[in-house]
Each structure stands twice: as C-alpha cells, then as structure tokens.
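What follows is a single structure, written as structure tokens, with notes after it.
Read-outs throughout are calculated quantities, based only on the coordinates presented, and are distinct from any laboratory measurement. This is a predicted model, so every value here is computed, not measured. Note that we place each Cβ from the backbone using ideal geometry, even for glycine, and neighbour counts take in every protein chain shown.
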Amino acid sequence: MHSILSRDPTPALIATRFPVSSANTKTTLVTTTMDPQVISSLIMGGSTIAATILGSAAALLIGRKIGRRQNLEEDLNQAVRDIRFLLAVEEAHCERNKARDNESFKNRTRSAVREAVGADFSGRFTPGNWKEAH
C-alpha cells in the first residue's frame with residue numbers, strides 16, 4: 001500500500017492508492033481522496049492522545065514530588081524525635097551530676113562541646129518549639 005500527496009492544489013486532500021483485483025486477475029489501482037472531515041477527526045484524535053500523554057506525565061511528576069515531600073517530612077519528624085530523646089538523655093545526666101556534685105554541669109558541658117565541635121545548639125527544633133510551629 002502506498003500513500004502519496006494528491007496533485008490536487010487543495011492541501012486537505014490526500015490520495016491513497018489501493019490495489020484492487022479484477023475478474024481477469026489483473027491488478028488495477030483506485031485513487032481515493034480523504035474527506036476534510038476525516039482529516040479533522042484524525043487531527044482531533046491525535047490531539048486527544050497527545051493531551052492524555054501530557055496529562056499523565058504531569059501527574060507522574062507531581063506525584064513523585066509529593067512523595068518526596070512526604071519522605072522529607074517523615075525524616076524531619078524522626079529527627080525531632082531523636083532530638084527529644086537526646087535532650088532527655090542530657091537531662092538524666094544533669095540530674096545524676098546534680099545529685100552527686102550539687103551541680104548539673106549542663107552549661108559547662110555545652111560550652112565545652114561548642115568549643116570542641118565548633119557548632120552551636122540553636123534550640124530551633126526542640127520538641128516544644130516544633131509543636132508550636134507545626
């Protein structure tokens with residue numbers, strides 16, 4: 001089967017050649033032109049398919065972004081729980097020091113860590129501050 005553009009000056013017409021068998025077993029070619037409505041329907045169908053593919057791709061990208069955000073939120077919540085635990089450990093150590101030495105050494109210990117590590121405790125993600133913000 002061969003498709004060629006019609007030599008007709010009208011651009012909407014497309015000529016298609018179909019082999020047709022006759023009673024003599026000779027093959028003859030019949031030329032038909034496509035109706036403008038058929039061409040319009042083909043264009044509309046292609047546009048629908050393209051729109052569906054584009055919409056699906058957009059939904060996939062948005063879904064991935066939402067999934068990543070949920071994973072980050074879960075990680076942040078776990079980090080806040082870890083901070084809560086470490087602050088409770090610090091409090092337990094301070095109570096033991098206070099019972100033994102009448103001083104908790106909390107501020108001295110934090111100052112020593114600040115100097116040794118070069119980092120400071122912001123207090124921004126402590127459980128109390130985190131509950132107030134979220």
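Go through segment 90-134 and give me each residue that's surrounded by 10 or more Cβ atoms within 10 Å (Cβ to Cβ) and of a type in the set (Val, Ile, Thr).
THR109, VAL113, THR126
Being in a loop (DSSP other than H, G, I, E, B) and without any contact (Cβ under 8 Å) to a residue 40 or more places away in the chain is true for just one of PHE121, PHE125, PHE85. Which residue is that?
Being in a loop (DSSP other than H, G, I, E, B) and without any contact (Cβ under 8 Å) to a residue 40 or more places away in the chain holds for just one of PHE121, PHE125, PHE85, which is PHE121.
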